[in-house]
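Written out below as structure tokens is the structure these notes cover.
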Amino acid sequence: MAKEALSELDIDLDMIEHIEHDAGLGNGGLGRLAACFLESMASLGIAGHGCGIRYKYGLFEQKIINGFQVELPDNWLKNGNVWEIRKSDKSVVVKFGGNIRIQTTNGKDEFIHENYEPILGVPYDMPVIGYKNEIVNTLRLWSAESEKSDFDLSSFNKGDYQKAVEYKNSVEAISQILYPDDSSYEGKILRLKQQYFFVSSGLQSIVRRYKKKNGSLENFAEKIAVHINDTHPALCVPELMRILIDEEHFGWDEAWDITTNTLSYTNHTILPEALEKWPIDLFKSLLPRIYMIVEEINERFTKSLWDKYPGNWDLISDLAVISNGNIKMVNLAIVGSKYVNGVAKIHTEILKNKVMNNFYNLYPHKFNNKTNGVTHRRFLLKANPKLSNTISDAIGTKWIEKPTELMKLLKFKDDQSFREKIAIAKRYNKSILTKYIKDEYNLVIDETSIFDVHIKRIHAYKRQLMNVFHIMDLYNRLKENPNLDITPRTFIFAGKAAPGYVLAKDIIKLINTLAFKVNNDKLIKDKIKIIFIENYNVTLAEMLIPAADISEQISTASKEASGTGNMKFMMNGALTLGTLDGANVEIKDEVGYENMFIFGLKADEVIHYYDNGGYNAWHVYNHDYRIKKILNQLVDGFFEHEPEEFRLIYDSLLGHNDEFFVLKDFSSYVDTQSLVDEKYRDKQRWNKMCINNIAHSGIFSSDRTISEYAKQIWEINDKWL
Ligand code: 8GP
């Protein structure tokens, strides 16, 4: 309808869509998962709302200049945001700093927060629209503002004008910028301020609305579920306690009962460098009342541990919320939550049996798994209209609301004409990408080649390096024998590196340097091409994923909690080339080994090496001539200029014993890549594999994930129905 109305005005809706900026309010999988969850909640008719920060600058824009990543600010609000509504009347005050005065009246302690710095949290609401069901939920993003208006600032004391402006800037800094690292902990005070700011704003608004609707907080925990999405909002635990005790005058036990029946926590990574902890001194001076509550939680908790495990100091200190001068946010989240979950089967098992084993022994009933999912309505229906129409022509449109209906496609897996239609859709999507690459990068790629796609954040554990080494090996072989019979391939990379992550930035530079060399080498007869597409974001993903033949999911087993790109590719008929890590395991359970390409060390083998040693990267270097050649090429002037440019990469593998087993898995990766090459030659069989993948992808819709959260964690049946 909108399309028709606009066309009468000579306006093309698609063009408007292209002008609109992505809201880059997250770093990678964790943030995108939340967006998929919001879409599914609205489409399933669940009253679920998102809460976050309205960053003025989202994730940086990436430019590639001379092969290097350069970061530019993402000023996404520059031309306004038509989807948001500012709700100043719903603002809240968040208190930082100051001191707590305890006043005892009638034997009851009251905690008075004095001399604090008040920050105004102003909500901006964005609609989250369900699919054809007339349901609109809300994503509420909080913006930090000074309590004083611009007018007050400039007039209350002329002499202090500059100070006043500085003050205003320091307040607004809270919602100024998204920290751009997706996998390590940022110990900056501004980050803690951001966390408390949005947690406090969100909870205050939830409690206020509940009271307005119900008159009191009666049945709060039965009607409300608050989800702690990774540890960043773990302050929900003490903040809800603060609101209940200080503002609503509940006693500790009652408040604790409500809190621990309202909150649940999802863990999204086992990388130790991502587990947040805050030094007591810093925490205490920024959040004095919250610190008192955390201390009390810790005291009560460790006392109960002492009763259970008398004398076991190591265990108690591991489980304690506060130890060695730090507040451990994971521990706080687990202690204060009703349920704790991981995001794929293998990840949850690792949490239970290793990372959180002591907590699992203490609270086995809290732990459960919720395998991630993605919204098929964005990543299939919208992103890939050609394939969606082919699917709907075959099985009708029910799959849009009930994605497991995609199974009906299995009926057609041996149907020649359907296989051809699937192949036509893929070719069409590949031609769109081919044109984009020609237009944007002036690179001609072979539309009929295998599109081998590796797109995600750049990180050592995701092993973009292993992909690069395979290409280098292929190139070395082609140089030796230009007539080598290989299926032409286009290697496509995209992804951002955290600005401070030097190794990841070097990997980007290596990809681009290799691309320049290979793409311009006439001798290899255009059999391989490499392209790094800059500024990976959701809009680009929507073009790249439908065009992929191979989905690279090659993380070191045990490290990728789930992955969600793997699911998006599968839905679009790309075949997974991956390790048995994260949700790849469940993809394998769905489609079987015969419909994907699995290789490499298993998670238990990796963990065994970490625990017991026994891996020696030099050994691989000395025994695999391909590896020796590739690694030497990194530092011997093979890339002509700057022979030392890739020394850090070389050292990470040989000097630091290859933490992510790139060299160890290389050989099995190369063998599996050869298998891909061979299998692609039999188009009929390949298309059948694609159909198998699409048909089995329904279970990876976030509709399934959200239904599980709703029933088993938020207990929505009891609460809402
Ligand atoms: C990511 C995981 O790395 C990814 O495997 C998973 O699919 C995704 O979350 C959604 O569950 N985790 C993070 O991005 C993450 O944990 N980030 C915080 C450490 C900052």
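The values are calculated or read from the model by the stated rules, or taken from the named source; none is laboratory data. Note that the structure is a prediction, hence the values are computed from the model and not measured. Cβ: placed from backbone, ideal geometry, glycine included. Neighbour counts: every protein chain shown. Accessible surface is based on the protein model in full, side chains and every heavy atom, while ligands, DNA and RNA are left aside. Shrake-Rupley method; radii C 1.70, N 1.55, O 1.52, S 1.80 Å.
Among the residues of the stretch 231-244 satisfying the criterion of being out of contact with any Asp or Glu (no Cβ under 7 Å at 6 or more places or on another chain) and assigned to a loop (DSSP other than H, G, I, E, B), which is most open to solvent (accessible area, probe 1.4 Å)?
To start, the set of residues in the stretch 231-244 that are out of contact with any Asp or Glu (no Cβ under 7 Å at 6 or more places or on another chain) comprises 232-244.
Keeping just the survivors that are assigned to a loop (DSSP other than H, G, I, E, B) gives 232-235.
Values: H232: 55, P233: 12, A234: 0, L235: 0 Å².
Among them, the one singled out is H232.
Considering S337, S388, which residue is away from the ligand (no atom under 16 Å from the Cβ), among the hydroxyl-bearing types (S, T, Y) and over 21 Å from I228 (Cβ atoms)?
Just a single option satisfies the conditions, and that option is S388.
Could you name every one of the helices (runs of 4 or more DSSP H) located completely within the stretch 653-721 that has at least 1 residues being touching a Phe, Trp or Tyr at 6+ places or on another chain (Cβ under 8 Å) and open to solvent by 10 Å² or more (accessible area, probe 1.4 Å)?
662-681
Here's the yes/no breakdown for (1) away from the ligand (no atom under 16 Å from the Cβ); (2) in contact with a Phe, Trp or Tyr (Cβ under 7 Å, 6 or more places away or on another chain); (3) modelled with pLDDT of 95 or more:
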site: E145; (1), (2), (3): yes, no, yes
site: D160; (1), (2), (3): yes, no, no
site: N169; (1), (2), (3): yes, no, no
site: Q194; (1), (2), (3): no, no, yes
site: G215; (1), (2), (3): yes, no, yes
site: H227; (1), (2), (3): no, no, yes
site: D230; (1), (2), (3): no, no, yes
site: L235; (1), (2), (3): no, yes, yes
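Give the stretch 121-137 a look and list any residue that's more than 23 Å from Y57 (Cβ to Cβ), in a strand (DSSP E or B) and open to solvent by less than 50 Å² (accessible area, probe 1.4 Å), or say none.
Selection gives N137 alone.
Looking at the stretch 17-34, I want the residues that are aliphatic (A, V, I, L, M) and have a partner that is assigned to a helix (DSSP H, G or I) and more than 8 Å from the ligand (Cβ to nearest atom) with Cβ atoms under 8 Å, at least 6 apart or on another chain. Which pairs are those?
L33/S702
Which condition from (1) touching a helix residue (DSSP H, G or I) at 6+ places or on another chain (Cβ under 7 Å); (2) open to solvent by less than 10 Å² (accessible area, probe 1.4 Å); (3) more than 16 Å from the ligand (Cβ to nearest atom) is the one that E222 breaks?
It fails just one condition, (2).
Could you count how many residues in the stretch 391-411 are out of contact with any Asp or Glu (no Cβ under 9 Å at 6 or more places or on another chain) and crowded, with 20+ Cβ neighbours inside 10 Å?
3
Which of the residues spanning the stretch 313-339 are open to solvent by 10 Å² or more (accessible area, probe 1.4 Å) and under 30 Å from N566 (Cβ atoms)?
V330, K338, Y339
Give me the pairs: first residue in the stretch 162-188 and among the polar types (S, T, N, Q), second residue modelled with pLDDT of 95 or more and more than 16 Å from the ligand (Cβ to nearest atom), beta-carbon distance under 8 Å, and six or more apart or on different chains, which are they?
Sorted first by the residue in the stretch 162-188, then by its partner, the pairs are S175/R54; S175/K56; S175/W142; S175/S143; S175/A144; S175/F197; Q176/K56; Q176/Y57.
Within the stretch 249-344, considering only strands (runs of 3 or more DSSP E) that don't extend past its boundaries, which have at least 3 residues that are closer than 18 Å to G187 by Cα? Working first, answer last.
Values: elements: 263-266, 277-279, 326-328, 339-342.
The qualifying strands (runs of 3 or more DSSP E) are 277-279, 326-328.
Counting just the residues of the stretch 250-269 that are farther than 19 Å from V330 by Cα and open to solvent by 10 Å² or more (accessible area, probe 1.4 Å), which one comes out farthest from the ligand (Cβ to nearest atom)?
Applying the filter and picking the extreme gives G251.
Being in a helix (DSSP H, G or I), within 16 Å of the ligand (Cβ to nearest atom) and of a type in the set (A, V, I, L, M, F, W, C) is true for just one of L203, L190. Which residue is that?
The unique qualifying residue is L190.
Which of the strands (runs of 3 or more DSSP E) contained wholly in the stretch 1-120 include at least 2 residues that are away from the ligand (no atom under 16 Å from the Cβ) and open to solvent by 60 Å² or more (accessible area, probe 1.4 Å)?
58-65, 68-74, 99-105, 108-114
Given the criteria open to solvent by 10 Å² or more (accessible area, probe 1.4 Å) and more than 16 Å from the ligand (Cβ to nearest atom), does K568 qualify?
Working: open to solvent by 10 Å² or more (accessible area, probe 1.4 Å): yes; more than 16 Å from the ligand (Cβ to nearest atom): no.
Answer is no for this residue.
Looking at E247 and the list (1) within 30 Å of K559 (Cα to Cα); (2) surrounded by fewer than 22 Cβ atoms within 10 Å (Cβ to Cβ); (3) away from the ligand (no atom under 16 Å from the Cβ), which single condition is not satisfied?
Every listed condition holds for E247 apart from (1).
Can you name every residue in the stretch 247-267 that is farther than 29 Å from G48 by Cβ and in contact (Cβ under 8 Å) with a residue 12 or more places away in the chain?
Answer for the stretch 247-267, where residues must be farther than 29 Å from G48 by Cβ and in contact (Cβ under 8 Å) with a residue 12 or more places away in the chain: just W252.
Are there any pairs, at least 6 apart or on different chains, whose C-beta atoms fall under 8 Å, with the first in the stretch 268-294 and among the acidic types (D, E) and the second modelled with pLDDT of 95 or more and within 16 Å of the ligand (Cβ to nearest atom), and if so, which?
E276/T231; E276/H232; E276/A234; E276/K328; E276/M329; E276/V330
Considering only the stretch 270-304, state which residues are within 16 Å of the ligand (Cβ to nearest atom) and either modelled with pLDDT under 95 or open to solvent by less than 30 Å² (accessible area, probe 1.4 Å) (or both). Lay out the reasoning, then the answer.
Our first condition is that a residue be within 16 Å of the ligand (Cβ to nearest atom); within the stretch 270-304, this holds for 270-278.
Correct list: I270, L271, P272, E273, A274, L275, E276, W278.
Please go through the stretch 340-362 and pick out each residue that is of a type outside the set (A, V, I, L, M, F, W, C) and open to solvent by less than 40 Å² (accessible area, probe 1.4 Å).
Selection gives N341, G342, H347, T348, K352.
Looking only at the stretch 431-466, count how many residues are touching a strand residue (DSSP E or B) at 6+ places or on another chain (Cβ under 7 Å) and among the aromatic types (F, W, Y).
Number satisfying all stated conditions: 2.
Kindly indicate whether L178 is modelled with pLDDT of 95 or more, in contact with a Leu (Cβ under 6 Å, 6 or more places away or on another chain) and under 30 Å from I716 (Cβ atoms).
For L178, the condition - modelled with pLDDT of 95 or more, in contact with a Leu (Cβ under 6 Å, 6 or more places away or on another chain) and under 30 Å from I716 (Cβ atoms) - is not met.
Which pairs turn up if I take residues in the stretch 381-402 that are farther than 14 Å from M571 by Cα and look for partners that are surrounded by 14 or more Cβ atoms within 10 Å (Cβ to Cβ) with beta carbon separation below 7 Å, at least 6 apart in sequence or on another chain?
A394/L409; A394/F412; A394/F418; I395/E405; I395/K408; I395/L409; K398/E405; E401/Y131
Report, by residue number, each residue of the stretch 265-312 that is of a type in the set (A, V, I, L, M) and within 23 Å of D181 (Cβ to Cβ).
Matches in the stretch 265-312: I270, L271, A274, L275, L282, L286, L287.
How many residues are within 16 Å of R427 (Cα to Cα) and surrounded by fewer than 24 Cβ atoms within 10 Å (Cβ to Cβ) when one looks only at the stretch 370-389?
5
Has the stretch 547-565 got at least one residue that is within 14 Å of the ligand (Cβ to nearest atom), assigned to a helix (DSSP H, G or I) and without any contact (Cβ under 8 Å) to a residue 24 or more places away in the chain?
no
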